[in-house]
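Okay, so here's the structure we're looking at.
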Amino acid sequence: RASVFEDRNYTVLEDSIAIDFFNKEGEKASTLTALSGEVWGLYEKVDSLRAEGDVVIVSDERKAKMETPFIRWIARTHTVYADSTVRLSTEDAVQTGVRFVATDDLKSYTMEDVTGVIMSEEIALPER
């Protein structure tokens, strides 16, 4: 369900959402799902999105999955921000941290206070 407020250039999304992100070639790069959200900007002029409640971004290209309670996405820069705890799963590792900043395809990211598990024998850890 969506409530559109054209005079305020704002939309409220309720009862679960799913949003596909596309790369420059027009191919689907990732999908975001959440329980609810708010969109600033209308139609093709979307500025940003705030999503909350079981937020998950799955990257088809990177084969990664990000989970967090809340995110903010900025359309102009294709950037996702999450201040709350984030869990990022890839083929080789599972990481948990905070202050997550990533491209919406999850190809590039930073995160602080990281803990994790490496699940690949091909990744060499530095010796102490």
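The values are calculated or read from the model by the stated rules, or taken from the named source; none is laboratory data. As the structure is a prediction and not an experimental result, all values here were calculated from the model. Cβ coordinates were reconstructed from backbone atoms using ideal geometry, including for glycine residues, and neighbour counts include every protein chain displayed. Just so you know, the surface numbers come from the protein's heavy atoms only, side chains and all, with ligands and any DNA or RNA stripped out. Shrake-Rupley method; radii C 1.70, N 1.55, O 1.52, S 1.80 Å.
Can you tell me which residue within segment 35-75, out of those that are basic (Lys, Arg) and modelled with pLDDT of 90 or more, is farthest from Asp7 (Cα to Cα)?
First, the residues of segment 35-75 that are basic (Lys, Arg): 45, 50, 62-63, 65, 72.
In the following step, the residues that additionally are modelled with pLDDT of 90 or more were identified as 50, 65, 72.
Working: Arg50: 19, Lys65: 36, Arg72: 22 Å.
In this case the residue turns out to be Lys65.
Going through Thr33, Thr77 one at a time, which residue ends up being assigned to a loop (DSSP other than H, G, I, E, B) and either buried (at least 16 other Cβ atoms within 10 Å of the Cβ) or of a type in the set (S, T, N, Q) (or both)? So that I can check it myself, show each step before the final result.
Working: Thr33 fails: assigned to a loop (DSSP other than H, G, I, E, B).
That would be Thr77, the only listed residue that is assigned to a loop (DSSP other than H, G, I, E, B) and either buried (at least 16 other Cβ atoms within 10 Å of the Cβ) or of a type in the set (S, T, N, Q) (or both).
Any residue at all in segment 13-22 that is in contact with a Leu (Cβ under 7 Å, 6 or more places away or on another chain) and either part of a loop (DSSP other than H, G, I, E, B) or of a type outside the set (A, V, I, L, M, F, W, C) (or both)?
yes
Is it the case that segment 80-88 has a residue that's part of a strand (DSSP E or B), more than 19 Å from Lys28 (Cβ to Cβ), open to solvent by 20 Å² or more (accessible area, probe 1.4 Å) and acidic (Asp, Glu)?
Filtering segment 80-88 down to residues part of a strand (DSSP E or B) leaves 80-82, 86-88.
Those left that are additionally more than 19 Å from Lys28 (Cβ to Cβ): 81-82, 86-88.
In the following step, the residues that additionally are open to solvent by 20 Å² or more (accessible area, probe 1.4 Å) were identified as 81, 87.
Retained after the next criterion (residues that are acidic (Asp, Glu)): none.
Scanning segment 80-88, I find no residue that is part of a strand (DSSP E or B), more than 19 Å from Lys28 (Cβ to Cβ), open to solvent by 20 Å² or more (accessible area, probe 1.4 Å) and acidic (Asp, Glu), so the answer is no.
Looking only at segment 79-97, count every residue that is touching a Ser or Thr at 6+ places or on another chain (Cβ under 6 Å) and at pLDDT 90 or above and tell me the total. Talk me through it step by step, then tell me what you get.
Narrowing segment 79-97 to residues touching a Ser or Thr at 6+ places or on another chain (Cβ under 6 Å): 82, 84, 86-87, 92, 96.
Among the residues that remain, those that are also at pLDDT 90 or above are: 82, 84, 86-87, 96.
Residues meeting the conditions: 5.
Report the residue count in segment 90-121 for those that are open to solvent by 30 Å² or more (accessible area, probe 1.4 Å), of a type in the set (Gly, Ala, Ser) and under 21 Å from Asn23 (Cβ atoms).
Number of matching residues: 1.
Six or more apart or on different chains, Cβ under 7 Å: which pairs go from a residue in segment 8-36 that's in contact (Cβ under 8 Å) with a residue 24 or more places away in the chain and on the phi > 0 side of the Ramachandran plot to one that's surrounded by 13 or more Cβ atoms within 10 Å (Cβ to Cβ) and among the aliphatic types (A, V, I, L, M)? Could you list them?
From residues that are in contact (Cβ under 8 Å) with a residue 24 or more places away in the chain and on the phi > 0 side of the Ramachandran plot, the pairs are Asn9/Leu42.
Table: residues versus (1) farther than 27 Å from Arg8 by Cβ; (2) open to solvent by 50 Å² or more (accessible area, probe 1.4 Å); (3) under 11 Å from the mean Cα position of the chain (by Cα).
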{"position": "Asn23", "(1), (2), (3)": "yes, no, no"}
{"position": "Gly41", "(1), (2), (3)": "no, no, no"}
{"position": "Ala51", "(1), (2), (3)": "no, no, yes"}
{"position": "Trp73", "(1), (2), (3)": "no, no, yes"}
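For segment 5-21: of the residues being in contact with a strand residue (DSSP E or B) (Cβ under 6 Å, 6 or more places away or on another chain) and surrounded by fewer than 13 Cβ atoms within 10 Å (Cβ to Cβ), which is farthest from Val58 (Cα to Cα)?
Here the answer is Glu14.
Report, by residue number, each residue of segment 53-66 that is of a type in the set (D, E, K, R) and either under 19 Å from Lys28 (Cα atoms) or open to solvent by less than 10 Å² (accessible area, probe 1.4 Å) (or both).
First, the residues of segment 53-66 that are of a type in the set (D, E, K, R): 54, 60-63, 65.
Result: Asp60, Glu61, Arg62, Lys63, Lys65.
Which is over 21 Å from Phe70 (Cα atoms) and either at pLDDT 90 or above or β-branched (Val, Ile, Thr) (or both), of Lys28, Lys24? Reasoning before the result, please.
On the way: Lys24 fails: either at pLDDT 90 or above or β-branched (Val, Ile, Thr) (or both).
Going through Lys28, Lys24 in turn, the sole match is Lys28.
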